[in-house]
Structures are given as C-alpha cells and as structure tokens.
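Q: Encoded as structure tokens, here's the structure I'll be asking about.
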Amino acid sequence: MRISTLTFQTNAIGQMDQLEAALSKTQGQLASGKRIQEAADDPAGMAQVNQLNAELSASRQYVTNQNAASANLQLEGQALSDATNLLQSARDLAVEANNASLSASQRQDIATQLQQQLQQLVAIGNRTDANGDYLFSGYASQTQAFTLSGNAVSYTGSDGVSQLQISANQRISGSDAGDAVFMSIPAGNGTFTTAAAAANTGSGSIDGGSVVDPSQWTPDTYTIAFTSPTQYQVTNSGGGVVASGTYTSGDAIQFQGIEVTVSGTPSTGDAFTVAPAGKASAFATLSGLIKTLSSPALSSAQITTQLGNGLAQIDGAIVQVGNVSASVGARLNAVTAAQSTEQSTQTQLQSSVSQLSDVDYAAAVTQLNSQEVALQAAQQSYASLARLSLFNYIQG
C-alpha cells in the first residue's frame, strides 16, 4: 500500500491539531475551573447543571423577597409599636380629663395635647420605607396613606396589599393596609355603642356597657327613657317596650342580653341610646375626644358619657393595632425560617453544581502533562519524517 507525501502530511497535521485542541480544552478547564464549558462536553451533565442553576436563581429571588419583606415588616412593627404607645398616652389623657373638678380651660389644655397626638398618629400612618413607598397604602404605595383636614382623617391608600413569594410554597403579605389597621375598629365595646341625648338636663351618665348573653342580643337601636328620676323604660326602634324598672344610681340596667350602667341623677325626660356597633377609626376617636373637651356647652354628665365611650374606642384601637402587630411578628418569624431554609438550599444546590461542573485539578493537570508530552512527541516525529527523501535513502 502506497502512502503519498501529501496524505502523510495531512494525517500528521490532523493528529497534531486534535492533540492541540485537546490540550487547549484542558488548559481552558484549568483556567476557568469548569469541567463542562459547553453542552458537547457532557450533554447529560449540562442539562442537570442548567436545572440546578434555574433552581438556584429562583432561590436567590426568594431571598431577595425575604429581605424586602423583613425590612418592611420591621418598619411596620416599629410604626405599630409607636402607635400603641401614642394611643396609650391618649388614653391616659382621657382618664385625666374624666374628672368633674377640671375647669374648661384645663380640659382645653388636654384637648390641645390630643390634637398634637392626632397629628403624630397621622404621621405614623404615613411612614415610608427605604424606597419612599408608604407602609400602609397597600397596592397604592406611592400614594400618601392618610390625609388630615381639620380634625378629620381620610384613607387614600388601597385596601389590597402585595404578596411576596418567600419560598416555593409560601407567600406572605409584606405590609398591611392602613384602612384595616387604623380605620376599621369596632365601635363601642364591639357589640354596641351608648350615648346620652343632647337634650338631657340631669346629671346622669351612661357607661360603655357589656354583653351578658350574646344569644339574647338583637341588634337594634334602643332608647332608655327616664319617666322620672327613679323610673326608666327601654324601647326598641319600633317603640315596643323591652324592659322597665326602678333606677338606682350605679345599678346595671339589663335587657336583650346586655347591661349598661347609668350613674348620677337623670331628670324626667332624659334619655340614653344603645345602638349596634359599627366601625370607627383611631383618628376619629381622638377627634371625638378633642371635640368633647373643646365643647364648653356640654354638661358634666355628657362629658363623662362621651369620655367613657372614647376610652372604650381607644381600648378597641389598641387591641386592633396589637392584633396587627402580632400578625407582623408571626410573618417576621416565617421570613426568618424561610431565610434559614433557603440558605441551606442554596448551599446544597451550589455543591451539586460544583460536583457536576467543576474541574478536578489534580486529574486535569495530569491530563495536561500527558497531552503536552503526546503533542511534543507528535511534532518531533513529524519533523523527523518530514526530512526524509529519496536521496537520504540512496545515500544510506
């Protein structure tokens, strides 16, 4: 079989090219630290690496969401704590104001302090995060949550809040809508409210009342009318009599599964109302207290009744804010647990990717040395054979 010089050269050069390519590939692996540099290197391994990298990318996004949720919830928690402290301070002022010996001027001083606290509570409701987004505006995070006009506060945010994916199977609210936190507080004692008629002339006042038997309560507007300073009659909105009796200051009046206490000496014709509880806001509660303490025309009994209702409202606001704070704490705990889980997940994924794609330096160096020796031998062999000719053969 004859092998032409051209064929010999072509084969030799092709073999050296293959050796150089293999050497270059090994050098690239050592330089990059990666065994798999393209799909052709290990198709099955590359597919696994791509899948693991996708899972790793998702995990990193979860961590980003976790960090955002944690930062916002911590800011919200601090705002709720400040709101609770402020409401407790307002409650103390209301208790102080509920003293018949105070003068109108002294009550006005307390009203001025409550005015400042109302402004502070609005400021708390309008706090922002590090990006300037309003904490309590829900979806409308670029819109100021609360607007104060005089002593009236309105909510201008959204009722809905964003949900953040903090793990493959878990989403949480990264904030709370201000409407739910500050504006939707059960009025009165949560079941009903009490009030004294504006035309009352006696010294009788009514407390916030309580529910004795919920099964007997029928929501309606009831009127407790005094037919004499010692006799009362309770009628429903239709005028039907539901209870009547003899009045003694400080004794409870019971009807429809509830009880209220009237204190003082009502005049004949004085009346008090008991109505189903609706919703109130923490801001309106403070505004109501300010109005009460700034109204010199109110009688001592009317002030006592309104301050008592205001205290009940503040207590309801404190409970509401406390419930939201507990929810924020639970969500923070969930985020912390998810952060720990994702850290472990990322470590495992990175380890798996490394095992599949990282180069074994010891083996690669050994392979590189072997490839260098093979290439050098091929080059030397080619150079030696390339010098042979017919004249060399004849002379030999």
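Q: Once you put a point 7 Å from the Cα of A168 and another 7 Å from the Cα of Q142, both along the Cβ direction, what distance in nm separates them?
A: A separation of 3.6 nm, rounded to one decimal place.
Q: If you don't mind, there's one more thing I want to ask. Could you tell me which residue out of Q88, Q115, N98 lies farthest along the dipole of the range 82-150 toward its positive end? Charges go on the beta carbon: Lys and Arg +1, Asp and Glu -1, centred on the Cα centre.
A: Going by the Cα projections, it comes out as N98.
Q: Rank by packing, highest mean first: peptides 207-220, 269-282, with packing defined as the count of other Cβ atoms within 10 Å averaged across residues.
A: Per-residue mean Cβ counts within 10 Å order the peptides as 269-282, 207-220.
Q: Which value in nm describes the separation of the simple spin-label points at Q348 and T268, placed 7 Å from the Cα toward the beta carbon?
A: Those two pseudo-labels are separated by 8.5 nm.
Q: Mind listing the phi-derived Karplus ³J(HN,Hα) values for the range 261-267, rounded to whole Hz, using 6.51, -1.76 and 1.60 with θ = phi - 60°, and x for any glycine or proline?
A: Using θ = phi - 60°, the values come out as 10, 9, 10, x, 10, x, 8 Hz.
Q: Place the peptides 174-184, 136-146 in order of packing, highest mean first, counting for every residue the other Cβ atoms within 10 Å and averaging per peptide.
A: 174-184, 136-146
Q: For V211 paired with A58, estimate the spin-label separation in nm (one decimal), with each label point 7 Å from Cα along the Cα-to-Cβ line.
A: 4.5
Q: For the range 322-329, in order, what is each residue's ³J(HN,Hα) by Karplus, 6.51 cos²θ - 1.76 cosθ + 1.60 with θ = phi - 60°, in whole Hz (x at glycine and Pro)?
A: x, 5, 5, 4, 5, 5, 4, x
Q: Please state the charge dipole magnitude for the range 149-288, taken about the Cα centre, from unit charges on C-beta atoms (+1 on K and R, -1 on D and E), reported in debye and rounded to the nearest 20.
A: Here the size comes out at about 220 debye.
Q: For S244, enumerate residues with amide H under 5 Å from its amide H, sequence gap 5+ or separate chain, H modeled in the peptide plane.
A: Under 5 Å from the amide H of S244: V234.
Q: Applying a 10 Å radius around every beta-carbon, put 239-247, 333-341 in order of their mean neighbour count, most first.
A: 333-341, 239-247
Q: Of Y155, T143, Q170, whose Cα points farthest to the positive end of the dipole of the range 120-222 (charges on the beta-carbon: +1 Lys, Arg; -1 Asp, Glu; origin at the Cα centre)?
A: T143
Q: While we're here: Applying the Karplus parametrisation 6.51 cos²θ - 1.76 cosθ + 1.60 with θ = phi - 60° to the phi angles of the range 172-186, what ³J(HN,Hα) value in whole Hz is obtained for each residue in order, glycine and proline being reported as x?
A: These are the phi-based 3J(HN,Hα) values: 9, 7, x, 6, 10, 6, x, 4, 6, 7, 10, 9, 10, 9, x Hz.
Every read-out reported here was derived from the displayed coordinates using simple, explicitly stated rules and does not represent laboratory data. No experiment lies behind these values; they were computed from the predicted model shown. Counting neighbours? That spans all protein chains shown, and the Cβs are built from the backbone with ideal geometry, glycine included.
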